[in-house]
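**Q** Would you mind keeping the following structure in view while I ask a few things?
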Amino acid sequence: MGGYVVNWILPLALLIFFELVADVFAKEWSLKQHMMWLAVFALLAYLIANTFWLFALKNGSGLAKGAMIFSIASAGIAILLGYFIYKESITPVQIAGLGFGVVALVLLLGEF
């Protein structure tokens, strides 16, 4: 596992981080539409995030595994941000969906 995994986990972690930064800027822009700089920062953060996706793919994350990790991690963190920062509601079905995603992730990573 060692260095090989670190080569793609770090870019994948940075992808998730910048995607969430972009999501926060996008949400803020949706709430304060007259502040165009929020939309610009969201687009820049999405660009940076997807640049890290390219590095994760190049360094061995794999399309399926990398996309699954990204999707579940970013969805889970986005749910928490929406709930705690933006006071959005979470339905039991959404919680179940996230739970199934976590189970899928555990099964996927079990093949390491």
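**Q** Taking 0.36 nm per intervening residue step and subtracting the Cα-Cα distance, what contour gain separates residue 75 from residue 108 on full extension?
**A** 10.2 nm
**Q** Which value results for Rg/Rh of the chain when Rg is the Cα radius of gyration and Rh the Kirkwood radius based on the inverse mean 1/r?
**A** Reported Rg/Rh (Cα atoms, Kirkwood Rh): 1.02.
**Q** To continue, here is another question. Let's see if you can work this out: charge +1 on each Lys and Arg Cβ, -1 on each Asp and Glu Cβ, no other charges. What is the dipole magnitude of the chain about its Cα centre, in debye to the nearest 20?
**A** The dipole magnitude comes to about 80 debye.
Each value in this text was obtained by applying a stated rule to the coordinates, not by laboratory testing. Keep in mind the model is a prediction, meaning the values are calculated, not measured. Please note: Cβ atoms are built from the backbone with ideal geometry, for glycine as well, and neighbour counts cover all protein chains shown.
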